[in-house]
Structure formats: C-alpha cells, structure tokens
1. Can you work out the Karplus-derived ³J(HN,Hα) for every residue in region 39-51? Use 6.51 cos²θ - 1.76 cosθ + 1.60 with θ = phi - 60°, whole Hz, and x for glycine or proline.
2. Non-local amide H neighbours of LYS246 (under 5 Å, H modeled in plane, Pro and chain starts lacking H): which ones?
3. Taking the Cβ of each residue in TYR136, TYR38 as the centre, tally the other Cβ atoms inside 10 Å and list the residues starting with the fewest.
4. Under 22 Å between alpha carbons: how many lysine pairs meet that in the chain, if sequence neighbours fewer than 8 apart on the same chain are excluded?
Amino acid sequence: MTTQQRKINSGFGARSTTSDVLRNIDLSGQLAIVTGGYSGLGLETTRALAGAGAHVVVPARRRATAQEAVGGIDGVEVEELDLTDLASVRALAERFLASGRAVDLMINNAGIMASPETRVGTGWEAQFATNHLGHYALVNRLWPAIERGGGRVVSVSSNGHQLSDIRWDDVHFAHGYDKWQAYGQAKTANALFALRLDELGRDAGVRAFSLHPGTIATQLGRYMSQEELAELTETIGASPTNSGWKTPEEGAATQVWAATSPQLAGMGGVYCEDCDIAEPAAEGAVLGSGVSAWAADPDRAARLWKLSAELTGVDAFST
C-alpha cells in the first residue's frame, strides 16, 4: 500500500532511544550497512544494530579511524569508501557483491553539513555529492544484494530540507554559493531519493524511508562557528514544533526504528521523525517538524532520480 504522511501513533517519541525501539527485536542473521557508522549517530546506530544481533558493515572514508571506533563492538566490519569518488563507490560495491551476501538493512547515514564551498569529482557541489549522489550510486550498485535481502533502505535526511527545494537550474551552485541552501537541497534530495526508491523497489519487497533524526551535538556541526551554533540554538528554541536537543541514543532512534520496526510493515516512501511517520509541515516552516511538500512530491522524486542517473552514470532500474 502507499502510505501518506500521517502519524501512526507508534507509541514512541522524541525521547525514545535505540534501546526502546529495538526492545524484543532480534536481528540475528541479518546484515546491515551503515555508511559513516563510526561516529555520531552512525556509531550509535552501529552499536544498536549489532547489539540486536545484526552483522554490520561500516563503509568509511577514514578506515583506520573507523576501525578504532568500532573495534570493541562484536559483529562489525569496516570497508573503505569515499562517497565523493564514484570509482570508490563502484569498488566497494564490486567487493561486496563478490562476497555473495545479501543486504537486509541499509542506512545511508554519512553526510556533511554547512560546509564551505567545495568541489569534488567533476565539479559537483560537495554537500549534494556526499549526502545524495554518493549514496544514490552506492544503492544502485548494490541493488542485486539489496533486492536479494528484500529489506529496507533508510535515507537520513533532516528538517534542514525545509531550507531549500532542489535548485533544478543550478544544483551545483555554479552561480553563488550558500552553504545552508546547499545543505537544505541535499537533505531534500535524501527524502526524494527514498520516495522514488520505494516506488521502484517495492515489487521486489524493498521499502525505503527518510527521516529527521532531531538536533544532536555531533561532529556534523564541525564547520560551524560558535556564533553560528548560538544562532542555530536560538532558532531551534524559537520553533514551537521543534523537540529540542537530543542525546545520540535518542537521535539515532528514528533511523533504527525506520529500519527495523514491524509497525512499518507494508509501508514505505515516507519521511519520519521522533520514531513515527511525520505529518506535512506547516507552510513556511523552517527547522520545525513535518515534511515540506517539495520533499514529498513523487514527480520531483522521479525527476531527481533521472538527474542523478545522468550525473553518476548508474541506474539499476534502467531498461
């Protein structure tokens, strides 16, 4: 069935933790991939899934750092991956597919936020490339294993998507860079990616979700000055629908819930927050609750998928 953006009254909320949402869930025998699963919310996600019995593969740009971070967690392996390098994406996918394993859960968690203007690859804007295009290419390259697993793909978006629609005429900010609009566009892309993937993959039993994890103090904010952090804190405090700052265990809960909850059986293509499906955002919402119309539009999702295929040269569903 097609699920619209409406709460299902999951019984969880903004203060729920990964332990809460995984209670009585056994992931033994399942394989999960968590990009960036060695720091911040990714590390909490890795720890939670492994603790529930899953074998977790952590693709990481800083392999040695990742190995040190997850070294004490049983059932975790680290793979090398640079999401801004399509050759690196292809190499990881080829290594994984050669192992013959299936992917039961995939969480596209890695990302950057509000970075200075940076060009990667053939001139791509770095936030769009890292947060969206790299994950788009990785999922498409891994599709045979994901299809075989018949599970879920989770795309970590943010309420930052409310800052910008896709800039169709200038997705790479060739004409004037704004780091927050670039972040907003990338997070909108994360939501649209899940929406389109769910439509394409549901006949194979694969469902996709996107989400806002909440506001958490992690290394994601490393490019922000103290003044910017103070301004962000003030904006968060002024929003009547923002749930405030979360702990890492609370912040990782929604992506873990989206990846594993039996409450979402038969559903997909929706944007979640606070361990539930989100409602539509109020018009003009900025860094508040809910999903903006432009991030839940199937036509935009199909258009972005086509653009992403053209930019990366890969599309697992192309005829």
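1. 8, x, 5, x, 5, 4, 5, 4, 4, 5, 5, 5, x
2. Here THR215, ILE216, ALA217 satisfy the definition.
3. With the fewest neighbours first, TYR136, TYR38 line up as TYR38, TYR136.
4. Numbers: LYS7/LYS187; LYS7/LYS246; LYS179/LYS187; LYS187/LYS246; LYS187/LYS306.
Pairs that pass both the separation and distance tests number 5.
Taken together, the values in this text are just the output of simple stated rules run on the coordinates, not laboratory data. Given the structure is predicted, the values throughout are model-derived calculations rather than measurements. All Cβ positions, even for glycine, are placed from backbone atoms using ideal geometry, and neighbour counts span all protein chains on display.
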